[in-house]
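Bear in mind these aren't lab numbers, they're just calculated from the coordinates by the rules spelled out. Please read all numbers here as calculations on a predicted model, not as lab measurements. With ideal geometry, Cβ positions are generated from the backbone for all residues, glycine too; neighbour counts draw on all protein chains shown.
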Amino acid sequence: MQNYKGYPDPRHVISTEEASKLVGRKGVVFVDTRNYWKYIKGHIPGAVNLELFAFHWVDTSSEGVHAFAKMMAGLLGSFGIDEKTHVIFYENKSGYDAARGVWLLELLGNENGRLLDGGLNLWKREGRKVSEEDAKYERTKFTPRMDYSQLATIDSLQRHVQEKDATVVDARNPGEFAGEYRRALKLGHVPGSLNVEWKSALRRDGTLKDARQLRKLYRAISRESEVVTYCQSGYRAAHSWLVLGLLGYGNVKNYLGSWYEWGNAETTPVVR
């Protein structure tokens, strides 16, 4: 996957052509992150169905993060995924549920997660095989080795806001950023944050833009800066985390609790 779309670091993405060679390969698991009713109407052969959007988390205290990691490791293990498994996450397009899976694996210490560029829509357009059969798999044990460098918490983000020592990217839409929609007790955004909506990184066909286009999108962010991404619940932010990683940003964290936590906390500052 070297030089894929010109990305300096393409390790978290995979093309449909390369992915097709891995179907049925030992040690590789395809994860369909859509809901079951979409999955059963057609999915990549052998893919397991894990609807990741069902697993929100709003407590980024140390105890909360520990509980989240334990639950997610158990969940992944129940689908035959451990800390060494190569996992390809997909949905209909290059979406944020699949990106959340890649980020989750990275957080738990498995660096072998990939997002399928173009998702199932591109897979079908290219005439590749799909299946309507439920996948067969065996439970395994996932022993997490936490990589906290991928994670922002309410405490760490508050420190960044106070010290102004990180670039904060709000991956929500402009209306959410401006406080036009109430999705928590507080309206608005994290002070000093930049609004770059996650889906701006996609082409109309649902594939990721190339490196040149993405650099233009994120041109206001220095590569030397520590970056924190957030949205409403850490899914769209995971997509921005992944895209910035493709561009070679080496210090990017996803704020797991995002606005669900920040916008409902008593001590957090906001701007409208």
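From the backbone phi of segment 203-220, what are the Karplus-calculated ³J(HN,Hα) couplings (6.51 cos²θ - 1.76 cosθ + 1.60, θ = phi - 60°) in whole Hz, Gly and Pro given as x?
Going residue by residue, I get 7, 4, 7, x, 8, 6, 5, 7, 4, 4, 5, 6, 4, 5, 5, 10, 5, 7 Hz, with x marking Gly and Pro.
What are the GluC sites (Glu not before Pro) within segment 39-136 that DSSP puts in a loop, where the Cβ has at most 14 other Cβ atoms within 10 Å? Please list the in-between numbers first.
Details: sites: Glu51, Glu63, Glu83, Glu91, Glu106, Glu111, Glu126, Glu132, Glu133; in loops: Glu51, Glu83, Glu91, Glu111, Glu126, Glu132, Glu133.
For GluC sites (Glu not before Pro) across segment 39-136 that sit outside H, G, I, E and B with at most 14 neighbouring Cβ atoms in 10 Å, the list reads Glu111, Glu126, Glu132, Glu133.
If you take every residue apart from Tyr235 with its C-beta less than 10 Å away from the C-beta of Tyr235, what net charge results, scoring Lys and Arg +1 and Asp and Glu -1? Before the final figure, lay out each step's value.
Working: positive: Arg100, Arg236; negative: Asp97.
Its environment carries a net charge of +1.
Report the one residue of Tyr181, Ser225, Leu202 whose Cα lies farthest in the direction of the positive end of the charge dipole of segment 148-262 (charges on C-beta: Lys and Arg +1, Asp and Glu -1; origin at the Cα centre).
Leu202
Scan around Leu151 for amide H atoms under 5 Å from its own, H built in the peptide plane at 1.01 Å from N, and keep only partners 5 or more places away or cross-chain.
Asn254
Expressed in nm to one decimal, what extension gain is obtained for the pair Glu138 and Lys199 from 0.36 nm per residue of sequence separation less their Cα-Cα distance? Mind showing how you got there, number by number?
On the way: separation 61, 0.36 × 61 = 21.96 nm, distance 3.51 nm.
Length gained, Glu138 through Lys199: 18.4 nm.
Run the numbers for Ser149 and Ala178: contour at 0.36 nm per residue of separation, minus the present Cα-Cα distance, in nm.
Numbers: separation 29, 0.36 × 29 = 10.44 nm, distance 2.90 nm.
Extending this stretch completely gives an extra 7.5 nm.
When we measure straight from the Cα of Lys186, which lysines land under 17 angstrom away, once same-chain ones fewer than 8 places off are left out?
Lys186 reaches no qualifying lysines.
On a straight-distance basis, which lysines could pair with Lys124 in a cross-link, Cα separation under 25 angstrom, same-chain partners fewer than 8 positions away excluded?
Within reach: Lys5, Lys21, Lys26, Lys38, Lys41, Lys93, Lys136, Lys199, Lys209.
Out of residues 5 or more away from Gly113 or on other chains, whose amide H comes under 5 Å of its own, with H placed 1.01 Å from N in the peptide plane?
Val87
Can you give me the long-range amide H partners of Val168? Hydrogens built in the peptide plane at 1.01 Å from N, cutoff under 5 Å, separation of 5 or more residues or another chain.
Leu194, Val228
Which ³J(HN,Hα) values in Hz, rounded to whole numbers, follow from the phi angles of segment 237-245 under the Karplus curve 6.51 cos²θ - 1.76 cosθ + 1.60, where θ = phi - 60° and Gly and Pro get x?
Coupling constants for segment 237-245: 5, 5, 5, 5, 4, 5, 5, 5, x Hz.
On a straight-distance basis, which lysines could pair with Lys70 in a cross-link, Cα separation under 23 angstrom, same-chain partners fewer than 8 positions away excluded?
Of all the lysines, those that pass the test against Lys70 - Cα under 23 Å, at least 8 places apart if same chain - are Lys84, Lys141, Lys253.
Counting each DSSP H run of 4 or more residues in the chain as -39500 (n - 2.57), what helix-only mean residue ellipticity at 222 nm follows after dividing by all residues, to the nearest 500 deg cm²/dmol? All intermediate terms of the calculation are to be shown ahead of the outcome.
Numbers: 10 runs with 83 residues, N = 272.
About -8500 deg cm²/dmol.
Is segment 148-262 best put as rounded, prolate or oblate by its Cα gyration tensor, with a ≥ b ≥ c the root eigenvalues, rounded for a/c under 1.5, and otherwise prolate when a/b is larger than b/c, oblate when not? Please report the intermediate quantities before stating the final value.
Numbers: a/c = 1.79, a/b = 1.22, b/c = 1.46.
Since a/c reaches 1.5 but b/c is at least a/b, the shape of segment 148-262 is classed as oblate.
Just to check, using Stokes-Einstein with a Kirkwood Rh over alpha carbon pairs, what's the diffusion coefficient of segment 69-144 at 37 °C and 0.692 mPa s in µm²/s? Walk me through the numbers on the way to the answer.
Values: Rh = 13.2 Å.
Roughly 249 µm²/s, to the nearest whole number.
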